[in-house]
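Worksheet: the structure to be examined is printed underneath.
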Amino acid sequence: QVQLVESGGGLVQAGGSLRLSCAASGSNFRLLAMGWYRQAPGKQRELLAGITSGGNTNYADSLKGRFTISRDYAKNTVFLQMNSLRREDTAVYYCAAKYSVSSRVLEYDYWGQGTQVTVSS
């Protein structure tokens, strides 16, 4: 069983940056594809970025280069660096994982509890 714990959320002013972390345990991290989602109140969950077990990345077109996903194999952790934050980025951000060697994963099997990001104007 894979356990995922997100951290790094909080309150930030528009234009600022945050880095989210997701620590994975109970798993073979090197075999996991990882992803970041978010869900704003009244909206559907949105896939933001994914990183394969081999380190290849993909992003939602809507992010326009503001977010970067990365992983640290030594720390069993995946990160989401978020820059130029906007009020509309306010949401609960979730980390997700799936055992996969696919070049792109669109559905995940394991989920964290989420971390709140609030962007003020």
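Of the accessible area of the chain, with the probe set at 1.4 angstrom, what percent is carbon plus sulfur?
On the chain, the fraction of accessible area on carbon and sulfur atoms equals 45 percent.
Once you list every other residue whose beta carbon is under 15 Å from the beta carbon of residue 19, what net charge do they have if Lys and Arg are +1 and Asp and Glu are -1?
+1
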Please list, by residue number, every one of the GluC sites (Glu not before Pro) in segment 1-107 that is coil in DSSP and has at most 15 other beta-carbon atoms within 10 Å. 107
Peptides ranked, highest mean first, by Cβ atoms within 10 Å: ranges 74-83, 49-58: 74-83, 49-58
Solution diffusion estimate, µm²/s, Stokes-Einstein, the chain, Kirkwood Rh from C-alpha pairs, 20 °C, viscosity 1.002 mPa s: 151 µm²/s
Kindly write out, for segment 99-114 in residue order, the coupling ³J(HN,Hα) from the Karplus curve 6.51 cos²θ - 1.76 cosθ + 1.60 (θ = phi - 60°), rounded to whole Hz, with x marking Gly and Pro. 6, 6, 10, 5, 6, 7, 10, 10, 10, 10, 9, 10, 9, x, 7, x
Positive dipole terminus of the chain, leading residue within 39, 15, 112 (C-beta point charges): 15
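The values are calculated or read from the model by the stated rules, or taken from the named source; none is laboratory data. Since this is a predicted model, take the numbers as computed values, not measurements. So basically every Cβ, Gly included, is an ideal-geometry build from the backbone, and we count neighbours across all protein chains shown. We work out accessible area using only protein heavy atoms, side chains counted, and drop any ligands, DNA or RNA first. Shrake-Rupley method; radii C 1.70, N 1.55, O 1.52, S 1.80 Å.
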